[in-house]
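Peer 1: Sharing a structure, written as structure tokens. Questions coming.
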Amino acid sequence: MPTHPPQLHIADHPLIAHLLADLRDKATPPDRMRSIVRRLGTLLAYEATRDLPTDHHTVTTPIQPCDAQRLHHNITIVPILRAGLPLAEPILDLFPNARMGHLGMYRDEKTLQPTTYYQRLPPNTPDAPVLLVDPMLATGGSADAALTYLKSQHCTDTRLICLVAAPPGLDRITKNHPNTPIHTAALDSHLDHRGYIVPGLGDAGDRLYATT
Ligand code: PRP
Ligand code: URA
């Protein structure tokens, strides 16, 4: 059994495995891809936010007062465009008061280096946990650049949610951002010569938005 870094959390749930099977299947059309990604987003966000701090309150039920807890923070959700969008939307449904930032990035097909074309964070983002969401962690270049940017904006509690990770990306984030937990549905074998995750699911953005 390989040992994984403590910051890596691989979701272990039969429903997640079931959804991932359809997501990987090359016959799955874009509308179903988006629907599956949404469901996986809900399930992974549930785990990634398990340790959010809460405050104690007293509420009065129709019967009597009782102790209760409410979330201490209003979190920020930051998808990396494009493919992070359908993963982020269900998290916003779970946390309807959350703030949402956007980071636009694309990976050069030859160099595999990310280029940032859009950055927009809500005010007060650094004060609360930030969920960075992107389905694919391949070389890790995009997530590394995104986390470096979030740190430059003074965000101290960052958490990465992805669906399929590969060892090079995992190693890079573990080394450069050791305090960022990584929540993924799967850790795959390796990258191919074009930087695609093997077995992976192909190009996430293209499959979600029918751009091939
Ligand atoms: C994909 C994916 C990640 C990135 C992962 O986006 O959504 O952002 O590749 O690769 P990396 O770990 O090697 O950086 P892509 O660059 O294809 O952009 P798109 O979503 O606009 O298609
Ligand atoms: N980006 C994708 O969309 N898929 C991969 O396999 C790697 C990077």
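The values are calculated or read from the model by the stated rules, or taken from the named source; none is laboratory data. As the structure is a prediction and not an experimental result, all values here were calculated from the model. Cβ atoms come from the backbone with ideal geometry, glycine included; neighbour counts cover every protein chain shown. Surface accessibility is based on the protein's heavy atoms, side chains included, excluding ligands, DNA and RNA. Shrake-Rupley method; radii C 1.70, N 1.55, O 1.52, S 1.80 Å.
Peer 1: Here are some residues: 111, 115. Which one is in a strand (DSSP E or B) and within 12 Å of ligand 1 (Cβ to nearest atom)?
Peer 2: Values: 111 fails: in a strand (DSSP E or B).
Going through 111, 115 in turn, just one is in a strand (DSSP E or B) and within 12 Å of ligand 1 (Cβ to nearest atom): 115.
Peer 1: Could you please tell me which pairs satisfy a Cβ distance under 7 Å, a separation of 6+ or placement on different chains, a first residue in the range 139-153 that is more than 14 Å from ligand 2 (Cβ to nearest atom), and a second residue that is at pLDDT below 95 and open to solvent by less than 30 Å² (accessible area, probe 1.4 Å)?
Peer 2: 153/125
Peer 1: Looking at the range 130-146, is at least one residue more than 9 Å from ligand 1 (Cβ to nearest atom) and either more than 23 Å from residue 53 (Cα to Cα) or open to solvent by 10 Å² or more (accessible area, probe 1.4 Å) (or both)? Reasoning before the result, please.
Peer 2: Our first condition is that a residue be more than 9 Å from ligand 1 (Cβ to nearest atom); within the range 130-146, this holds for 130-133.
Narrowing further to those that are either more than 23 Å from residue 53 (Cα to Cα) or open to solvent by 10 Å² or more (accessible area, probe 1.4 Å) (or both): none.
Checking the range 130-146: not a single residue is more than 9 Å from ligand 1 (Cβ to nearest atom) and either more than 23 Å from residue 53 (Cα to Cα) or open to solvent by 10 Å² or more (accessible area, probe 1.4 Å) (or both).
Peer 1: Moving on to the next point. Look at the range 171-212 and say how many of its residues are within 10 Å of ligand 1 (Cβ to nearest atom) and touching a residue at least 12 places away in the same chain (Cβ under 8 Å). Outline the logic, then answer.
Peer 2: Taking the range 171-212 first, the residues within 10 Å of ligand 1 (Cβ to nearest atom) are 172-173, 191, 195-197, 203-209, 211.
Subset that is touching a residue at least 12 places away in the same chain (Cβ under 8 Å): 172-173, 191, 195-197, 204-205, 207-209.
Final tally of qualifying residues: 11.
Peer 1: Something else now. Could you go through the range 90-112 and let me know if any residue there is exposed (fewer than 13 other Cβ atoms within 10 Å of the Cβ), at pLDDT 95 or above and among the β-branched types (Val, Ile, Thr).
Peer 2: Yes.
Quick grid of which residues meet (1) closer than 26 Å to residue 201 by Cα; (2) over 16 Å from the mean Cα position of the chain (by Cα):
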| residue | (1), (2) |
| --- | --- |
| 25 | yes, yes |
| 79 | yes, no |
| 83 | yes, no |
| 93 | yes, no |
| 96 | no, yes |
| 99 | no, no |
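Quick grid of which residues meet (1) within 16 Å of ligand 1 (Cβ to nearest atom); (2) closer than 16 Å to residue 37 by Cα:
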{"residue": "80", "(1), (2)": "yes, yes"}
{"residue": "87", "(1), (2)": "yes, yes"}
{"residue": "95", "(1), (2)": "no, no"}
{"residue": "99", "(1), (2)": "no, no"}
{"residue": "107", "(1), (2)": "yes, no"}
{"residue": "122", "(1), (2)": "no, no"}
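Peer 1: Next question. In the range 13-31, which residues are touching a Leu at 6+ places or on another chain (Cβ under 8 Å) and either loosely packed, with under 11 Cβ neighbours inside 10 Å or in a loop (DSSP other than H, G, I, E, B) (or both)? Before you say what the answer is, go through the steps one by one.
Peer 2: So in the range 13-31, the residues touching a Leu at 6+ places or on another chain (Cβ under 8 Å) come out as 13, 15-16, 19-20, 23-24, 30.
Scanning the range 13-31 gives a single hit, 13.
Peer 1: Then there's this: Restricting attention to the range 91-100, does a residue exist that is without any contact (Cβ under 8 Å) to a residue 40 or more places away in the chain, under 30 Å from residue 116 (Cβ atoms) and assigned to a strand (DSSP E or B)?
Peer 2: Yes.
Peer 1: Here's something else I'd like to know. Looking at 83, 138, which is the one that is at pLDDT 95 or above and within 23 Å of residue 178 (Cα to Cα)?
Peer 2: Working: 83 fails: within 23 Å of residue 178 (Cα to Cα).
Exactly one of 83, 138 is at pLDDT 95 or above and within 23 Å of residue 178 (Cα to Cα), namely 138.
Peer 1: Still on this model: Could you check how many residues of the range 159-199 are in contact with a strand residue (DSSP E or B) (Cβ under 8 Å, 6 or more places away or on another chain), more than 17 Å from residue 145 (Cα to Cα) and either modelled with pLDDT under 95 or open to solvent by 60 Å² or more (accessible area, probe 1.4 Å) (or both)?
Peer 2: The number of residues fulfilling the criteria is 2.
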